[in-house]
Amino acid sequence: MLLPRGCAGCDLPDAVLCEDCRAVFQGYEPRDLPGCAMGGAAACAPYRGVARHAILGWKDHGDEELDGPFGELLADLAQRCGLMSWCRESCANGPVWVVPLPSSAASMRARGRWHTVPLAKAVAARMGERGIEARMLPALRSTATGGRSVEQGSAADRGRRIGGHIVLDDAYDIRGHTVVLVDDIITTGATMRQCTAVAADAGARVATLLALAQTPSAATR
Ligand SMILES: [Zn+2]
C-alpha cells in the first residue's frame, strides 16, 4: 500500500511535483562554460527555495518518483536553449551522446544509484522524438574519494592532469562525437569544466551542459 505523498517542493497533498513548483523549473539560467560549442551551459532554475527543497529530496532522500518530472523539465530546457535546432544544423556525424555527470563512488553507494542517469535518458529520448539520433552514455567517472584516489593507473593519472577527479571510462570511445552533458546542480562549475576538458581531450565536441539548477552567482545573491 502506498502512503499519500506531498509535493516535493511545497508539500501540497497528492502531488509528486505540483504545477506551481514545476513552473519554478521552467526558466532559463545561462552559465559560462568555456570550451563548449553552444557558448555556455544552462540551468532550469536558481538553486533556492522550492527548487532546492525538491532537488534535495530527490537526490539525497531517495525520492525517485521525481525522476519523471525532473527528466521532463530538463528535456524542456534542452528545447528552450536551442539544443534541438543546433543539433539539426551541426551534428551530421552519428548519435549525440548524452552523458550524465558522475558522483564519487562513495556518493553513488550511499544513494544506491547514479541519479543523473534518468535525467540524461529523458533528454536523449526527447531528442529522439524530435528526430535527432541521441543516446545516454555513462562515459565519465569520478575518482574522488574525499581527498585521495583509489584508482591507480594511466586513466586516472591522465584524468588528474586534465580533469581533476574526472576520467573517461575506458569502455567508451567518444572521439568524433558530439556530447551533451547533464547534471543536477551547477555550484562552482569546476566539475562541469573538468568534464568538458576530459571530453575534449578524448576528441569529442561538447555542445552544452544542462542542469536542473544553479547556485545564484555572488553578484546576484
Ligand atoms: Zn509544490
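Can you tell me how many residues in region 113-123 are in a helix (DSSP H, G or I) and open to solvent by 10 Å² or more (accessible area, probe 1.4 Å)?
Residues in region 113-123 being in a helix (DSSP H, G or I) and open to solvent by 10 Å² or more (accessible area, probe 1.4 Å): 4 in total.
Checking V24 against (1) free of Cβ contacts under 8 Å to residues at least 60 places away in the same chain; (2) more than 11 Å from the ligand (Cβ to nearest atom): exactly one of these is not met. Which one?
Of everything listed in (1) free of Cβ contacts under 8 Å to residues at least 60 places away in the same chain; (2) more than 11 Å from the ligand (Cβ to nearest atom), V24 misses just condition (2).
With aliphatic (A, V, I, L, M), away from the ligand (no atom under 16 Å from the Cβ) and either buried (at least 19 other Cβ atoms within 10 Å of the Cβ) or within 19 Å of P100 (Cβ to Cβ) (or both) as the only criterion, which of A54, A41 stands out?
A41
Can you name the residue in region 1-13 that is more than 11 Å from the ligand (Cβ to nearest atom) and not basic (K, R) and, of all such residues, is most open to solvent (accessible area, probe 1.4 Å)?
M1
Is there a residue being open to solvent by 20 Å² or more (accessible area, probe 1.4 Å), within 14 Å of the ligand (Cβ to nearest atom), within 24 Å of R193 (Cβ to Cβ) and out of contact with any Cys (no Cβ under 8 Å at 6 or more places or on another chain) anywhere in region 65-73?
Taking every residue of region 65-73 in turn, none turns out to be open to solvent by 20 Å² or more (accessible area, probe 1.4 Å), within 14 Å of the ligand (Cβ to nearest atom), within 24 Å of R193 (Cβ to Cβ) and out of contact with any Cys (no Cβ under 8 Å at 6 or more places or on another chain).
Taking region 82-110, which residues are of a type in the set (D, E, K, R) and surrounded by 15 or more Cβ atoms within 10 Å (Cβ to Cβ)?
none
The values are calculated or read from the model by the stated rules, or taken from the named source; none is laboratory data. Small disclaimer: the values here were computed from a predicted structure and weren't measured. Positions of Cβ are generated from backbone atoms using ideal geometry, with glycine treated the same way; all protein chains shown enter the neighbour counts. When the accessible area is computed, the model is the full protein with side chains, heavy atoms only, and any ligands, DNA or RNA have been set aside. Shrake-Rupley method; radii C 1.70, N 1.55, O 1.52, S 1.80 Å.
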